[in-house]
Amino acid sequence: MPVGSNWAPLRSTRGVARIVAFGGRPLAVADDLIETLQSRVKTQLISQFTPGEHVVIKDHGFEGIESIFMAMEGDERVILLINLLNRQQQISLPLASIASR
């Protein structure tokens with residue numbers, strides 16, 4: 001590792017277990033592999049839902065409740081707007097717990 005490098009932010013990223021290194025130096029990753037991964041991420045981040053779309057919650061104690069998709073929250077969570085006790089509330093659930101209406 002170059003002197004003065006701060007790898008703490010990378011190591012604390014969700015899903016990162018450790019940095020692959022040999023002799024204390026991080027392994028270089030080919031540019032084309034990085035571009036391929038970035039392309040996949042961009043494709044996956046384009047949500048199958050659009051803001052304002054009505055969706056149904058499949059589980060997590062809200063099963064069957066219709067809600068409004070607001071936005072993605074990270075890669076695997078969504079922010080929904082539900083009507084709870086005659087008030088609109090925002091909740092965050094896993095993406096896998098909602099479906100199109």
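The values are calculated or read from the model by the stated rules, or taken from the named source; none is laboratory data. Model, not experiment: these values are computed from the prediction. Here Cβ is always computed from backbone atoms with ideal geometry, including for glycine, and neighbour counts include all displayed protein chains.
Identify, by number, the condition in (1) at pLDDT below 85; (2) surrounded by 11 or more Cβ atoms within 10 Å (Cβ to Cβ) that Gln38 doesn't meet.
For Gln38, the exception is condition (2).
Against the conditions (1) in contact (Cβ under 8 Å) with a residue 40 or more places away in the chain; (2) more than 14 Å from the chain's Cα centre (by Cα), where does Asp31 fall short? Just the number, please.
Unmet for Asp31, out of (1) in contact (Cβ under 8 Å) with a residue 40 or more places away in the chain; (2) more than 14 Å from the chain's Cα centre (by Cα): (1).
Looking only at region 56-95, how many residues end up being part of a loop (DSSP other than H, G, I, E, B) and surrounded by 14 or more Cβ atoms within 10 Å (Cβ to Cβ)?
3
What about Phe22, is it at pLDDT 85 or above, loosely packed, with under 10 Cβ neighbours inside 10 Å and aromatic (Phe, Trp, Tyr)?
yes
Return yes or no: is Ser12 among the small types (Gly, Ala, Ser) and surrounded by 10 or more Cβ atoms within 10 Å (Cβ to Cβ)?
Criteria not met by Ser12.
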